[in-house]
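Have a look at the structure below, then the notes.
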Amino acid sequence: MPDSAPPSKQQLRRQIRAARRALGTHRQRTASRRLCTRLALCAELKRARHIGLYWPMDGEIDPRPLLKRFPHKRFYLPALPRSARTAMTFLHWPGASLRYRNRYGIPEPVLGRSASISPERLDLVLLPLVAFDPSGARLGMGAGYYDRTFAFKHHRPGTGPDLVGVAHQLQCVDHLPMESWDIPLTLVATDQRLYRCR
């Protein structure tokens, strides 16, 4: 009997997002603590001074406790562009509460009130993802914001920040196809392990 076809990207997004959302508050906090402990030991994060991260939504694992662990580093949150076809801006975020929410309901610093940094000048960026495989292929939400923002890494390999995917371990799948526009990750960190991708 032939094997069943692998799930489409849309099906995979639905399945993994549902599993991620089903994690209770205690499991989410435990996973976040374990992730941040693992990242704190990571050489790439230790040497980074300017770090991009994200505000967790929809069951995403929470990297924000890193701010308290590394008060001497500067952290930045992405701000969505007005046009879906342009790159994101990264704005300095010292940990203060945020009132503004973007069109997806995600809190952001306000452009003009927070110092910005170009994506090329960041040392490391923690990227949310829906699914990943051990080679570093990443499935995002499908809007392509991170791929567009870091597309310069295709033309200038070795430049710009280390890109680190972060996820719950349950988001790991055996294999994901990579598209020509996908930006490869340096590593993926979960609450259970690190995956070196190159």
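Selection of first residues in the stretch 15-32 that are under 16 Å from residue 139 (Cβ atoms) and of second residues that are among the hydrophobic types (A, V, I, L, M, F, W, C) and in a helix (DSSP H, G or I), restricted to Cβ pairs under 9 Å at least 6 apart or on distinct chains, gives the following pairs, ordered by first then second residue: 16/170; 19/170; 20/170.
In this structure, residue 189 qualifies as modelled with pLDDT of 90 or more, closer than 25 Å to residue 94 by Cα and touching a Lys or Arg at 6+ places or on another chain (Cβ under 6 Å).
Applying the condition of being of a type in the set (A, V, I, L, M, F, W, C) and surrounded by fewer than 18 Cβ atoms within 10 Å (Cβ to Cβ) to the stretch 43-69 and asking which residue is nearest to residue 148 (Cα to Cα) yields 57. Hey, among the residues in the stretch 111-142 that are in a loop (DSSP other than H, G, I, E, B) and of a type in the set (A, V, I, L, M), which one's farthest from residue 14 (Cα to Cα)? Looking at residues that are in a loop (DSSP other than H, G, I, E, B) and of a type in the set (A, V, I, L, M), I get 115.
Here residue 164 fulfils each of the conditions (1) in a loop (DSSP other than H, G, I, E, B); (2) within 30 Å of residue 24 (Cβ to Cβ) apart from (1).
Here's the yes/no breakdown for (1) of a type in the set (D, E, K, R); (2) at negative phi; (3) under 17 Å from the mean Cα position of the chain (by Cα):
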| position | (1), (2), (3) |
| --- | --- |
| 11 | no, yes, no |
| 20 | yes, yes, yes |
| 25 | no, yes, no |
| 31 | no, yes, yes |
| 36 | no, yes, yes |
| 45 | no, yes, yes |
| 52 | no, yes, yes |
| 75 | no, yes, yes |
| 82 | yes, yes, no |
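With the requirement that a residue be part of a strand (DSSP E or B) and either surrounded by 12 or more Cβ atoms within 10 Å (Cβ to Cβ) or modelled with pLDDT of 95 or more (or both), what does the stretch 75-110 give you? Across the stretch 75-110, the qualifying residues are 75, 76, 77, 78, 79, 89, 90, 91, 92, 107. Could you please give the count of residues in the stretch 150-181 that are touching a Leu at 6+ places or on another chain (Cβ under 9 Å) and either closer than 17 Å to residue 130 by Cα or surrounded by 19 or more Cβ atoms within 10 Å (Cβ to Cβ) (or both)? Residues meeting the conditions: 14. Pairs are defined by a Cβ separation below 6 Å, a sequence spacing of at least 6 or placement on different chains, a first member in the stretch 90-107 that is aromatic (Phe, Trp, Tyr), and a second member that is part of a loop (DSSP other than H, G, I, E, B); the pairs so defined are 93/109; 100/108; 100/110. Restricting attention to the stretch 66-114, the residues that are of a type outside the set (A, V, I, L, M), over 24 Å from residue 191 (Cβ atoms) and touching an Asp or Glu at 6+ places or on another chain (Cβ under 8 Å) add up to 3. So for the stretch 139-152 (the condition being touching a strand residue (DSSP E or B) at 6+ places or on another chain (Cβ under 6 Å) and not aromatic (Phe, Trp, Tyr)), does at least one residue qualify? Yes, the stretch 139-152 contains at least one residue that is touching a strand residue (DSSP E or B) at 6+ places or on another chain (Cβ under 6 Å) and not aromatic (Phe, Trp, Tyr).
Restricting to the stretch 17-57, and then to whatever is β-branched (Val, Ile, Thr) and in a helix (DSSP H, G or I), can you tell me which residue is nearest to residue 121 (Cα to Cα)? Top of the filtered list is 37. Taken over the stretch 81-107, residues that are polar (S, T, N, Q) and under 21 Å from residue 121 (Cβ atoms) amount to 2.
The values are calculated or read from the model by the stated rules, or taken from the named source; none is laboratory data. Computed from a predicted structure; not experimentally measured. Don't worry about glycine lacking a Cβ; one is built from the backbone with ideal geometry, like all the others, and counts go over all protein chains shown.
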